[in-house]
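Structure, as structure tokens:
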Amino acid sequence: MSYAPSIPLFRDKILLEHPQFILFRLLASVSIFIGVVLFCITLIKSHEFPKSAGILILCGAVIYAVGPTINIYLAIIGVLILSIGCFILGYKMLFNVKE
């Protein structure tokens, strides 16, 4: 079930090639990237959380972002690295384990 007037927007790629939509995607991508970098730098500098978690999250996010342009398996590896970093961070927060 779909909304009939929106079908040409996707079928003819009108929406994907519209300059405002391209600008939105670019701004969203840049702001998400800056947020991830700042978050990971904060984790790495923090004395409360493991530095390895911040490094893994940063590396995983970058590999996941770049991965699909190179190889889909590289994107999957990026997700796995990101997940390991998040697991380490979550484990530390849940059990308050000292390094």
**Request:** Would you check which residues across the stretch 1-27 are over 23 Å from ALA65 (Cβ atoms) and among the polar types (S, T, N, Q) and list them?
**Result:** SER2, SER6
**Request:** Quick one: in the stretch 81-99, of everything that is loosely packed, with under 13 Cβ neighbours inside 10 Å and part of a helix (DSSP H, G or I), which residue is modelled with the highest pLDDT?
**Result:** PHE87
**Request:** From the list ALA65, ALA53, pick out the single residue that is surrounded by 15 or more Cβ atoms within 10 Å (Cβ to Cβ) and in contact with a Gly (Cβ under 6 Å, 6 or more places away or on another chain).
**Result:** ALA53
**Asked** Could you list, in sequence order, the residues of the stretch 34-65 that are over 23 Å from TYR91 (Cβ atoms) and either in contact with a Cys (Cβ under 6 Å, 6 or more places away or on another chain) or modelled with pLDDT under 90 (or both)?
**Response** ALA65
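The values are calculated or read from the model by the stated rules, or taken from the named source; none is laboratory data. This is a predicted model, so every value here is computed, not measured. All Cβ positions, glycine included, derive from the backbone under ideal geometry; neighbour counts span all protein chains shown.
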